[in-house]
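The values are calculated or read from the model by the stated rules, or taken from the named source; none is laboratory data. Given the structure is predicted, the values throughout are model-derived calculations rather than measurements. Cβ: placed from backbone, ideal geometry, glycine included. Neighbour counts: every protein chain shown.
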């Protein structure tokens, strides 16, 4: 039984990717589970979905804690949380933009096993697979995952046609390009044997990344000096309650100070309050890249530039 | 004299790095509201996207003391806070300026689930501001239909398009004859700021509804959030007005020209075209009838407003 975990950002289609893999596996007569992780699935926030594949009936119903295969749809995913529990000989398939310079951290490089990659962003763009301004990277990624798992191109095509009976041509084209263009397959283990035979699975201890807990608690959370009872759970205003939300961003706004007229519309319309009123500096640690500032700028002085370029 | 954008205070009540979607109209509206209310305020929230995005104890993304309360209880809980503050002041335990109490509620907690408590608080004329940010669906739970969802809009519970019209909540509140109420839009932040400043200075129950286009819910590109809010005002879908004691006393922005001169609404088709939730009807042969129906609805709303004006 093979376990897969897919990480991405809300809106990139991790759940749909898992469904597509499941259709293809079922067409090959295998048993499949897809396990979306329910949390707060906001657009852009880190999300994950897990899968189990087996030749026999799957009786385990828990979340996937020790995946053999990681699929990373997006750049800027937090390194520790993504690798948690991955088998040391595991395979990490990344969307190539994921190996971006931005975070300075290459998740796949920390894994000794096989690290294939595919430029899903570029393929989706080239195949004009764009919805609401976002390239549908999960479709080329589906092609790439299929190559890893030994799914035939025929099954890839059929799964997409089953999922989207109308207008699936661009999706099929993108998936097949993903299938062909996946790189770095040297040393890829025989996945069919991993799926079919539990004895073939890697047995080494999974990677364990310690979870860092905050060391300094606010004063009100510390126990009362006299009674020893913890004080009431009081919250304090803090930046970054959802982490460094700048990692959610696919494109970053850049202000051209030469053409900027300091009308302050970008400042007033920023939903994230990341633009400084006086200097118009953008806090890229937290900017989610929604693009409202660039759209609203009357002087067209703000450009949206793809991350990593 | 309306406030200019440049004169809005630089203080922020919404801190960066919160859990809202990119391009969230709720945090955008709350920024303008916070600039107007100042630091001395208490916030109450019922379950909504804002609660999901405000963070988990011990962290919070807003600078106001906030209470998370049950879905149906916005009006009664806020009233309780107001009475407690008044009692404290009476006993001399609360000195200086009284904090402004306000609720920050989505359309579900206003139009549907919270309506009874809201109506009761309005009738008692409790001294707080009830804000409704109206994104026309239960977006937090994955976009289900609400009483604010317009006809034909696709949600997860109306996959073929909603068959009923939305309620006219602002007119319902108008008939509560409350001291002050207003409708606003995220695309007109200075106008929203002025309205909140005015509401803050009035004693009694205040209701302000803010039109807030939700891009995952309505299915449009995130960058167009403010543009769609502006189109909604220009096309008359969202009419901007203020009312005191049951009569409309002021029209602002493009609404003034629309209602007073009878100018033709602009950008209605563009507004509907940009939204994926109307695509099923905008790409069908029913498109013309739908557009005419929406425009007739807009004109009817404006006629209703005219009958209540005392400008």
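So which pairs qualify, if the first residue must be in the range B:64-89 and without any contact (Cβ under 8 Å) to a residue 12 or more places away in the chain, the second must be surrounded by fewer than 18 Cβ atoms within 10 Å (Cβ to Cβ), the Cβ gap must be under 6 Å, and the two must be at least 6 apart or on different chains?
Matching pairs, first to second residue: B:88/B:94.
Residues of the range A:235-266 being facing chain B (nearest Cβ under 7 Å) and free of Cβ contacts under 8 Å to residues at least 24 places away in the same chain, which ones?
A:235, A:236, A:237, A:238, A:241, A:264
What number of residues in the range A:11-51 are part of a loop (DSSP other than H, G, I, E, B) and either in contact with a helix residue (DSSP H, G or I) (Cβ under 6 Å, 6 or more places away or on another chain) or touching a residue at least 60 places away in the same chain (Cβ under 8 Å) (or both)?
Here the count works out to 9.
Just need a number here: residues in the range A:265-289 that are more than 15 Å from residue B:22 (Cα to Cα) and in a loop (DSSP other than H, G, I, E, B).
6
What helices (runs of 4 or more DSSP H), lying completely within the range B:23-126, carry at least 2 residues that are touching a strand residue (DSSP E or B) at 6+ places or on another chain (Cβ under 9 Å), away from chain A (no Cβ under 14 Å) and over 24 Å from residue A:271 (Cα atoms)?
B:74-90, B:115-124
Select from the range A:180-206 the residues that are in a loop (DSSP other than H, G, I, E, B), modelled with pLDDT of 80 or more and under 21 Å from residue A:28 (Cα atoms) and list them in ascending order. Reasoning before the result, please.
Step one: of the range A:180-206, the residues in a loop (DSSP other than H, G, I, E, B) are A:182, A:184-190, A:197, A:201-206.
Pick out the ones that are also modelled with pLDDT of 80 or more and you get A:182, A:184-190.
Once the filter is applied, which keeps residues that are in a loop (DSSP other than H, G, I, E, B), modelled with pLDDT of 80 or more and under 21 Å from residue A:28 (Cα atoms), the range A:180-206 yields A:188, A:189, A:190.
Do we find a residue being under 30 Å from residue B:220 (Cβ atoms), modelled with pLDDT under 90 and not in a loop (DSSP other than H, G, I, E, B) anywhere in the range A:97-114?
Within the range A:97-114 (the criterion being under 30 Å from residue B:220 (Cβ atoms), modelled with pLDDT under 90 and not in a loop (DSSP other than H, G, I, E, B)), the answer is yes, since at least one residue qualifies.
Could you identify the single residue in A:44, A:39, A:80 that is buried (at least 22 other Cβ atoms within 10 Å of the Cβ), closer than 20 Å to residue A:242 by Cβ, assigned by TED's automatic domain parsing to the domain that holds residue A:141 and at pLDDT below 80?
Result of the check over A:44, A:39, A:80: A:44.
Can you tell me which residues in the range B:8-19 are part of a loop (DSSP other than H, G, I, E, B), more than 13 Å from residue A:287 (Cβ to Cβ) and facing chain A (nearest Cβ under 7 Å)?
B:8, B:10, B:12, B:15, B:19
When residue A:272 is evaluated against the numbered criteria (1) modelled with pLDDT under 95; (2) at the interface with chain B (Cβ under 7 Å from one of its Cβ atoms); (3) in contact with a strand residue (DSSP E or B) (Cβ under 7 Å, 6 or more places away or on another chain), which criterion, by number, is the only one it fails?
So the condition that residue A:272 fails would be (3).
Tell me, please, whether a residue that is away from chain B (no Cβ under 14 Å) and at pLDDT below 80 can be found in the range A:54-74.
No: zero hits.
Which members of the range A:127-146 meet the condition of being closer than 22 Å to residue A:2 by Cβ and either in contact with a strand residue (DSSP E or B) (Cβ under 7 Å, 6 or more places away or on another chain) or surrounded by fewer than 24 Cβ atoms within 10 Å (Cβ to Cβ) (or both)?
A:140, A:141, A:144, A:145
Identify the single condition in (1) surrounded by 24 or more Cβ atoms within 10 Å (Cβ to Cβ); (2) within 20 Å of the chain's Cα centre (by Cα) that residue B:18 does not satisfy, given that it satisfies every other one.
(2)
Being out of contact with any strand residue (DSSP E or B) (no Cβ under 9 Å at 6 or more places or on another chain), within 19 Å of residue B:135 (Cα to Cα) and exposed (fewer than 15 other Cβ atoms within 10 Å of the Cβ) is the requirement here; does residue B:303 meet it?
no
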